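K.L.:
Structure incoming, see below.
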Amino acid sequence: MLYQLARKIHRYTMFLVIFLTLVMWLTGQVMEQGWPMLTDFQARNLHRITSKIFTPALLIMIFSGLILYFYPWFIKRKKSA
């Protein structure tokens, strides 16, 4: 049950992190090179808002990945004891 839940959470946060990475990359390019589709202020604001979502999503993805990594070892150890 825990493994399946961690797998589902990991998968959804992975897609969220990929999407947010693309948004942050695009806004970073706009701030650096000055593309005409966004002003510098809009790009900076979107980058700042996106980073506030990106950090918790990345941390959740890391923790669920650690559960996925150590769960088989924990179950194997629990069965042998």
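The values are calculated or read from the model by the stated rules, or taken from the named source; none is laboratory data. Here the structure is a predicted model, which is why all the values come from computation and not from measurement. Glycine also receives a Cβ, built like all others from the backbone with ideal geometry; neighbour counts cover every protein chain displayed.
K.L.:
Which numbered condition trips up Glu32, out of (1) modelled with pLDDT of 95 or more; (2) surrounded by fewer than 15 Cβ atoms within 10 Å (Cβ to Cβ)?
P.N.:
For Glu32, the exception is condition (1).
K.L.:
Can you find a residue in region 53-60 that is farther than 26 Å from Gln4 by Cβ and part of a helix (DSSP H, G or I)? Steps first, please.
P.N.:
Of all residues in region 53-60, those farther than 26 Å from Gln4 by Cβ come to none.
No; the residues of region 53-60 include none that is farther than 26 Å from Gln4 by Cβ and part of a helix (DSSP H, G or I).
K.L.:
When you look at Tyr12, is it among the aromatic types (Phe, Trp, Tyr), part of a helix (DSSP H, G or I), exposed (fewer than 12 other Cβ atoms within 10 Å of the Cβ) and modelled with pLDDT of 95 or more, yes or no? First the steps, then the outcome.
P.N.:
Values: among the aromatic types (Phe, Trp, Tyr): yes; part of a helix (DSSP H, G or I): yes; exposed (fewer than 12 other Cβ atoms within 10 Å of the Cβ): no; modelled with pLDDT of 95 or more: yes.
For Tyr12, the condition - among the aromatic types (Phe, Trp, Tyr), part of a helix (DSSP H, G or I), exposed (fewer than 12 other Cβ atoms within 10 Å of the Cβ) and modelled with pLDDT of 95 or more - is not met.
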